[in-house]
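**Q** Just dropping this structure here.
The values are calculated or read from the model by the stated rules, or taken from the named source; none is laboratory data. All values derive from a computational prediction rather than experimental measurement. Here Cβ is always computed from backbone atoms with ideal geometry, including for glycine, and neighbour counts include all displayed protein chains. Calculation scope for accessible area: heavy atoms of the full protein, side chains included, ligands and nucleic acids excluded. Shrake-Rupley method; radii C 1.70, N 1.55, O 1.52, S 1.80 Å.
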Amino acid sequence: MSSERALGSGSKYPPKEPGVLRLYGMRFCPYVKRTRLVLEHKNIPYETVNINLIDKPDWYLQKINCLGLVPSIETDNDVIFDSVIVNEYIDSVYPGEKLIPNDGRRAAKDKMLLEIWSKVVTQYYKLFYPSGETNEVVPNMLSALDRVENELARRDTTFFGGDKPMMIDFNIWPHMERIVHFDVLVPGFTLDASRFKRLTSWIDEMNKVPAVKKTKLQLDSFKLFMITVKNGKMDCDAGLEE
Ligand SMILES: N[C@@H](CCC(=O)N[C@@H](CS)C(=O)NCC(=O)O)C(=O)O
């Protein structure tokens, strides 16, 4: 049973058919998108159950994720949560081309890059959930992004993972996709293509990847969602028809 509409506190655990991989998500969550990208890229069939994050079902907290966060996945034998852990699990347990490098050195470098990336994400959320002075947030986010640009230049590859997208690309993409549309949060914002030359070409290349196309941010719904976030009443079903 895939559900677009988010299940809230009054709902019952939707029984899962054996053999079906279930992704618990929220339509606008970038961490969930990390996992969707990997599932789509690897052509792994799955169903989605969306969770209302401001009115969580008890069964979700009790049975799936005691922290109440998405994404989580449920298989016949396992429940796994946290996007990075879920993606590692999928990569190691499911068949197909591996997205995490076998070479420990490369894998470590990618983990370091994800740490560097997390500083961009931290700034991003300061604008998403503003508290107090926000004048410094955009410059700080751009400075954090400089480090990512430099890392791509140092690697001198099309994708962070090399000549094709790897796990590191899919883990970075969802927040980057939102930064591309940052004008939703900061009117007039554009990413300066001369300052972020490598990143701009990476974005162009990522936009050609089938999994990226398939999971593309629905801007109209995202804008409606952002209005509800700003009003302090996040609506996980924003943009869905009644
Ligand atoms: N470290 C987690 C973060 C996931 C996360 O923060 N998800 C948000 C939605 S985008 C969430 O579930 N928020 C619910 C809450 O904070 O209660 C991951 O990578 O999966």
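**Q** Hey, among the residues in the stretch 160-175 that are free of Cβ contacts under 8 Å to residues at least 60 places away in the same chain and surrounded by 22 or more Cβ atoms within 10 Å (Cβ to Cβ), which one's farthest from the chain's Cα centre (by Cα)?
**A** Quick first cut of the stretch 160-175, residues free of Cβ contacts under 8 Å to residues at least 60 places away in the same chain only: 160, 162-164, 168-169, 172.
Checking the rest, the ones that are also surrounded by 22 or more Cβ atoms within 10 Å (Cβ to Cβ) come to 160, 168-169, 172.
Numbers: Phe160: 16, Ile168: 12, Asp169: 11, Ile172: 8 Å.
That would be Phe160.
**Q** Does Thr122 satisfy the condition of being under 16 Å from the mean Cα position of the chain (by Cα) and farther than 20 Å from Leu37 by Cβ? Outline the logic, then answer.
**A** Working: under 16 Å from the mean Cα position of the chain (by Cα): yes; farther than 20 Å from Leu37 by Cβ: yes.
Yes.
**Q** Shifting gears a bit: Which of the residues belonging to the stretch 191-201 are part of a helix (DSSP H, G or I) and within 11 Å of Val180 (Cβ to Cβ)? It would help to see each step written out before you state the result.
**A** Filtering the stretch 191-201 down to residues part of a helix (DSSP H, G or I) leaves 197-201.
Of everything in the stretch 191-201, those that are part of a helix (DSSP H, G or I) and within 11 Å of Val180 (Cβ to Cβ) turn out to be Leu199, Thr200.
**Q** Somewhere in the stretch 115-130, is a residue surrounded by 13 or more Cβ atoms within 10 Å (Cβ to Cβ), of a type in the set (S, T, N, Q), within 25 Å of Leu224 (Cα to Cα) and more than 13 Å from the ligand (Cβ to nearest atom)?
**A** Taking every residue of the stretch 115-130 in turn, at least one turns out to be surrounded by 13 or more Cβ atoms within 10 Å (Cβ to Cβ), of a type in the set (S, T, N, Q), within 25 Å of Leu224 (Cα to Cα) and more than 13 Å from the ligand (Cβ to nearest atom).
**Q** Of everything in the stretch 59-115, what is of a type in the set (Gly, Ala, Ser) and under 29 Å from Ser9 (Cβ atoms)? Give them in sequence order.
**A** Residues satisfying the conditions are Gly68, Ser72, Ser83.
**Q** Then there is this: Quick one: in the stretch 22-40, of everything that is more than 10 Å from the chain's Cα centre (by Cα) and open to solvent by 10 Å² or more (accessible area, probe 1.4 Å), which residue is farthest from the ligand (Cβ to nearest atom)?
**A** Step one: filter the stretch 22-40 for residues more than 10 Å from the chain's Cα centre (by Cα), giving 22-27, 38-40.
Applying the additional criterion that residues be open to solvent by 10 Å² or more (accessible area, probe 1.4 Å) yields 26-27, 40.
Details: Met26: 6, Arg27: 10, Glu40: 17 Å.
Of everything passing the filter in the stretch 22-40, Glu40 is farthest from the ligand (Cβ to nearest atom).
**Q** For the stretch 117-153: of the residues being among the hydrophobic types (A, V, I, L, M, F, W, C) and without any contact (Cβ under 8 Å) to a residue 40 or more places away in the chain, which is farthest from Phe182 (Cα to Cα)? Even if it seems obvious, please write down each step before you answer.
**A** Residues of the stretch 117-153 that are among the hydrophobic types (A, V, I, L, M, F, W, C), as a first pass: 117, 120-121, 127-128, 137-138, 141-142, 144-145, 148, 152-153.
Then keep just the ones that are without any contact (Cβ under 8 Å) to a residue 40 or more places away in the chain; that gives 137, 141, 144.
Numbers: Val137: 12, Met141: 11, Ala144: 15 Å.
Filtering the stretch 117-153 for residues that are among the hydrophobic types (A, V, I, L, M, F, W, C) and without any contact (Cβ under 8 Å) to a residue 40 or more places away in the chain, the one farthest from Phe182 (Cα to Cα) comes out as Ala144.
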